[in-house]
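One structure is given below, encoded as structure tokens.
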Amino acid sequence: MARKLFVFISCLLLLFPLTGCWNRRELNELGISVGIGIDKAEKGYRVSVQVVNPGEVTAGKTSGNRTPITLYEATGDTIFEAIRKITTISPRVIYLAHLRVLVIGESLAREGIEKPLDHFSRDHEVRTDFFIVIAKGSTAKDVLKVLTPIEKIPANKLYLSLETSQKVWAPTATVTLDELMTDIISEGKSPVLSAVKVTGGVEGQSQKNVEKIDPSGRLKYTGLAVFREDKLIGWLNEKESKGYSYIRDKVRNTVGTLVCPEGGKIGVEVTRSKTQVTGKMNNGKPQINIEIRMEENIGEVECQIDLTKRKTIEDLEKSAEQKVAAIMLGTIHKVQKSFKVDIFGFGEEIHRVDPTAWKTLKQNWDEQFTHLDINVKADVQIRRIGTVSNSFHKKEEE
Amino acid sequence: MKIKKNFSSQSGQHQIMVQTEPLYESLDENIRKIKEDLGSSDDIIIREIRIGREGSVKVAVLYTDGLADKQVITEFFMESLMKKDTLIEPIEQLSDGDKRLESLKGMVLQIGDNKDITDFASLYNSLLSGDTVILLDGYSQGIAASTQGWQSRSISEPVAQSVVRGPQEAFTETLRTNTSMIRRKIKDPNLWLETKQIGRVTKTNVAVMYIKGIVNDKIVEEVRKRLDRIDIDGILESGYIEELIQDEVYSPFPTINNTERPDVAAAELLEGRVVILVDGTPFVLIVPTLFISFFQTAEDYYQRADISTLLRIIRFISLFIAMIGPALYIAITTFHQELLPTQLLISLAAQREGVPFPAFIEALMMEVTFEILREAGIRMPRPIGQAVSIVGTLVIGQAAVEAGIVSASMVIVVSITAISSFVITGYSMAISIRMIRFVIMGLAASFGIFGIVVALIALVLHLCSLRSFGIPYMSPFAPFVVGEHKDTIFRLPHWALSSRPRLINQKNSIRKQMSPPSKPKS
């Protein structure tokens, strides 16, 4: 017994030196990268990495005269090479698991994003929960250089701001790596990415930017970027982006405007929205039916209208239905006309209902898409009118 | 080892000395031999008196000073023996030996139980247990009268297993007091008591208590067998017995529970367990013991069932924190940083800025410091204990963080772990868990979470292989017995606890038959 135990314990103890603490890294040996930007270089890529300076981020420990993040930059033939090259300027190895955003420069995006993304899908350290955005009208490096107020880590600001605006404002799209890859591969859906814009130029790049009440350098999401396969081909503005979100059933909450019968505006909040896209083959021709059901609350009234009447509400519901249908159709027409790519995934719907027809249709689906038969049906319910019934404007005027 | 050898050689001599030699007829001879055998120890009082009208009968009264109640001896022996008139007369007249002894016994009988002594071995045994021995000249027989009465601690509050609600009495060092405390709770003729003397030198009284008809007879038989097997010079605490009769020697887990609370002992008896009481210690042993017993307290049954269940769940959570808390911290911060939320990672990284040691060394330092402080807190003379806690809070508190030796988060982890290990009710289990913690920490430092998982699997396998007096240690989890989960992690209301643990008592498992209390019908 004692002998057996001795052998067992010796074996156990030998295991410890065998591993040699393989892959062990202390927290203060990590360069925690939160944002990565990829731009085109003369040869290969230019990779800029936003690394957190932990001591300057944590509450109560900041010295105040150092920036919360540092940007490291290197060029290489491959992304992988460039990231490793950064160790020549950074004291710590770049740690990618906590990446929040991946920013792709516009010029690179126009050439195609498939190749540079391979490293991120292949590397074991990278998780697929970060958002991918396109730097509109600038390089990715410029986006990552801006210091932001409130959120000390700009990459975190980009992440949270995208998430929140998707949640309560709608014309943005949170796209993660796996979603993007699926869209690129898919024949019946082309990818879109949110676009981010830098305002204020070089002023945003120093600590001074966040010392101001009204910082001059800002990062702002403006609509969506449309891709054909993996190449950027154009932009959607805010309204069109919202239409995209409606069709893709991504709207959870947003605010819209309705027009009063006698002029003036009414602000409404969309509290619930459910879109169903169904495909159909009609006499050998593909047809798409979009059905949207929405619930709205009235949030602001700037006209004379009697909200206490059932009829008024019904009229408002009708005009809201027309409005949302118009938004969606507007987006579809714009995409059909100027981009000629199916970013809505209509092809996938056709594939789903009639796989045999899809086999022939997919040959020239983008061509088919431009003159696709699309029906939109909207059903809006106005549930609440707020804490007052009629606006106080009315009384004043009486 | 050396000490043990010495002991055994001494006890060898001892055995030669104390033989079952019959008493001599002559009183002088007897006294001479007793004096010789006991080395004329000062505390052995031998009073030779002559009784009878003319002092013709020689009697010796022997007792051990301090162990025998002097007041009883003076009041009942001396006075009645010295009295010239009453009973002594017949003694003198009766020339027949047996009758003389009988009448002497009749006289002594006033003070309670007594027994006849015919040999030196039993004479010494009685004498050294506090009995008073009376030897009569001309007879190779004596009388031992129970006059035990020594200074002992009175019943006080339990120190190690205190409760808010429940009886506030604990066992004492006196065996008889302890058995009486259990008897006071269970007034049933089926509560049986068997006493043995264990320890060649100490001759410690060990009592085995069980309720006949509820207890599993095989377990009682096994307890008897294992107790009989013990051959040791001395038993000073129930821990000696525990180590000598436990099932598994090479295991960090205790397979025998102990308690200092009579109510717990009574409850265990009612569940069909055997209680072993040892003279000289307030801690009694309970067999068989299951793993789950260490997470149940007396108070669980005195409080409302829902609260007890909640507290038990908390105890299980703290079991895991105490066991793998620091290990998990080490594993996650050195191998699996991707598991942390980004904000948390950044703030942990910020705390680690400038800390010179790896997380494992950091954790080890803090844990060892804590263990030292804890040990010091227990061993220190009470008045100095205060100083330890002050130094302790400074050392493993803010100062260590400010000095840049450890990170603040490590202090939090170590503190939570320390507190959690105190929540485990069974003290002997808590010690084992603390020991295992260090092993798991080492595994976590070299293999990450993989190491922790392997350790936990090994631990579960080991636990499932353990038995306590033949009962699977992990029951009712493994083997899984549905009906017995009434009182494991959950504690159902008393009206629902209708049966005893089947694996333990095997027969007579119906505890009560009662329907849930209903509202009064108006």
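Which residue is nearest to the chain's Cα centre (by Cα), if the candidates are limited to the stretch B:156-193 and must be of a type in the set (Ser, Thr, Tyr) and surrounded by 15 or more Cβ atoms within 10 Å (Cβ to Cβ)? Among them, the one singled out is B:172. Residue B:248 - would you say it is assigned to a helix (DSSP H, G or I) and under 24 Å from residue B:463 (Cα atoms)? No, not satisfied. Where helices (runs of 4 or more DSSP H) fall entirely within the stretch A:1-98, those with at least 2 residues that are more than 13 Å from chain B (Cβ to nearest Cβ) are at A:2-19, A:79-85. Taken over the stretch B:429-451, the criterion of being away from every other protein chain (no Cβ under 14 Å), open to solvent by less than 30 Å² (accessible area, probe 1.4 Å) and either more than 17 Å from residue B:370 (Cα to Cα) or under 25 Å from the mean Cα position of the chain (by Cα) (or both) is satisfied by B:429, B:430, B:432, B:433, B:434. For the stretch B:196-218, filtered to residues that are in a strand (DSSP E or B) and over 24 Å from residue B:186 (Cα atoms), the residue that is most open to solvent (accessible area, probe 1.4 Å) is B:197. Within the stretch A:59-112, being within 22 Å of residue A:26 (Cα to Cα) and among the basic types (Lys, Arg) holds for A:61, A:84, A:85, A:92, A:100.
The strands (runs of 3 or more DSSP E) found wholly in the stretch A:180-289 and carrying at least 2 residues that are on the phi < 0 side of the Ramachandran plot and open to solvent by 60 Å² or more (accessible area, probe 1.4 Å) occupy A:218-228, A:254-259, A:265-282.
Can you tell me which residue among B:98, B:85, B:113, B:137 is in contact with a Phe, Trp or Tyr (Cβ under 9 Å, 6 or more places away or on another chain), among the acidic types (Asp, Glu), modelled with pLDDT under 85 and not assigned by TED's automatic domain parsing to the domain that holds residue B:200? Of B:98, B:85, B:113, B:137, the one residue that is in contact with a Phe, Trp or Tyr (Cβ under 9 Å, 6 or more places away or on another chain), among the acidic types (Asp, Glu), modelled with pLDDT under 85 and not assigned by TED's automatic domain parsing to the domain that holds residue B:200 is B:98. Every residue in the stretch A:81-139 that is more than 16 Å from residue A:219 (Cβ to Cβ), in contact with a helix residue (DSSP H, G or I) (Cβ under 7 Å, 6 or more places away or on another chain), open to solvent by 20 Å² or more (accessible area, probe 1.4 Å) and in contact (Cβ under 8 Å) with a residue 40 or more places away in the chain, please. Answer for the stretch A:81-139, where residues must be more than 16 Å from residue A:219 (Cβ to Cβ), in contact with a helix residue (DSSP H, G or I) (Cβ under 7 Å, 6 or more places away or on another chain), open to solvent by 20 Å² or more (accessible area, probe 1.4 Å) and in contact (Cβ under 8 Å) with a residue 40 or more places away in the chain: A:92, A:93, A:114, A:119, A:121, A:128. Yes or no: the stretch B:306-321 includes at least one residue that is open to solvent by 10 Å² or more (accessible area, probe 1.4 Å), more than 13 Å from chain A (Cβ to nearest Cβ) and in contact with a Pro (Cβ under 9 Å, 6 or more places away or on another chain). The answer is yes, given that some residue of the stretch B:306-321 is open to solvent by 10 Å² or more (accessible area, probe 1.4 Å), more than 13 Å from chain A (Cβ to nearest Cβ) and in contact with a Pro (Cβ under 9 Å, 6 or more places away or on another chain). Flag: residue B:342 does not match the condition of being closer than 23 Å to residue B:450 by Cβ and within 14 Å of another protein chain (Cβ to nearest Cβ).
Scanning the stretch B:200-244 for residues that are under 13 Å from the mean Cα position of the chain (by Cα) and of a type in the set (Val, Ile, Thr) yields B:206, B:208, B:235, B:241.
Within the stretch B:418-441, residues that are charged (D, E, K, R) have Cβ atoms under 6 Å from residues that are part of a helix (DSSP H, G or I) in these pairs: B:434/B:421; B:437/B:323, counting only partners at least 6 apart in sequence or on another chain.
Considering only the stretch A:40-63, I want to know if a residue exists there that is modelled with pLDDT under 85, open to solvent by 30 Å² or more (accessible area, probe 1.4 Å) and under 32 Å from the mean Cα position of the chain (by Cα). Yes: one or more hits. Scanning the stretch A:292-312 for residues that are part of a helix (DSSP H, G or I) and either within 22 Å of residue A:252 (Cα to Cα) or of a type in the set (D, E, K, R) (or both) turns up A:310, A:311.
The values are calculated or read from the model by the stated rules, or taken from the named source; none is laboratory data. Predicted model only: the values in this text are computed from it and were never measured. Note that each Cβ is placed from the backbone with ideal geometry, even for glycine, and that neighbours are counted across all protein chains shown. Ligands, DNA and RNA are excluded from the accessible area calculation, which covers all protein heavy atoms including side chains. Shrake-Rupley method; radii C 1.70, N 1.55, O 1.52, S 1.80 Å.
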